[in-house]
Amino acid sequence: MPIIVDIDVMLARRKMPVGVLAERIGITPANLAVLKNGRAKAVRFTTLEAICEILDCQPGDVLRWEPGSSEYSNNDSNNDDDGGNGRR
């Protein structure tokens, strides 16, 4: 997945344990682990907002895009001007 989650970097900079962040944003440590290990398929804006508020950072500090293979890069139907839905 070319979206990289850098929550560990921000946690280290803030000297904050993962469990403390999970408690403050109101999610389980297991769900935070899924997010920070890059296994999440989505993140709610409310969760991202809470992470940024507590870590005093911007979304770009915890999420970044790296070019690479993804389900979109090799699918011609998603490269058309139809938004990937097959319509024109």
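Descriptive notes on the structure:
- Conditions (1) of a type outside the set (D, E, K, R); (2) part of a helix (DSSP H, G or I); (3) modelled with pLDDT of 95 or more: number failed by Ser77: (3)
- Search result, residues across the range 12-29 that are more than 26 Å from Pro67 (Cβ to Cβ) and either assigned to a helix (DSSP H, G or I) or touching a strand residue (DSSP E or B) at 6+ places or on another chain (Cβ under 7 Å) (or both): Arg14, Val18, Gly19, Val20, Leu21, Ala22, Glu23, Arg24, Ile25, Pro29
- Condition check for Glu66: exposed (fewer than 12 other Cβ atoms within 10 Å of the Cβ), modelled with pLDDT of 95 or more and over 12 Å from the mean Cα position of the chain (by Cα): no
- Residue pairs whose Cβ atoms lie under 6 Å apart, sitting 6 or more positions apart in sequence or on different chains, and linking a residue in the range 3-20 that is free of Cβ contacts under 8 Å to residues at least 12 places away in the same chain to a partner that is in a helix (DSSP H, G or I), are Gly19/Pro29.
- Assessment of the range 39-51 against the conditions (closer than 11 Å to Met10 by Cα, of a type outside the set (Ser, Thr, Tyr), in contact with a helix residue (DSSP H, G or I) (Cβ under 7 Å, 6 or more places away or on another chain) and in contact (Cβ under 8 Å) with a residue 24 or more places away in the chain) yields at least one matching residue.
- Residue within the range 30-37 that is aliphatic (A, V, I, L, M), modelled with pLDDT of 95 or more and not in a helix (DSSP H, G or I) present: no
The values are calculated or read from the model by the stated rules, or taken from the named source; none is laboratory data. A quick note: this is a predicted structure, and the numbers were derived from the prediction, not measured. Glycine gets a Cβ as well: all are built from the backbone with ideal geometry, and neighbour counts include every protein chain shown.
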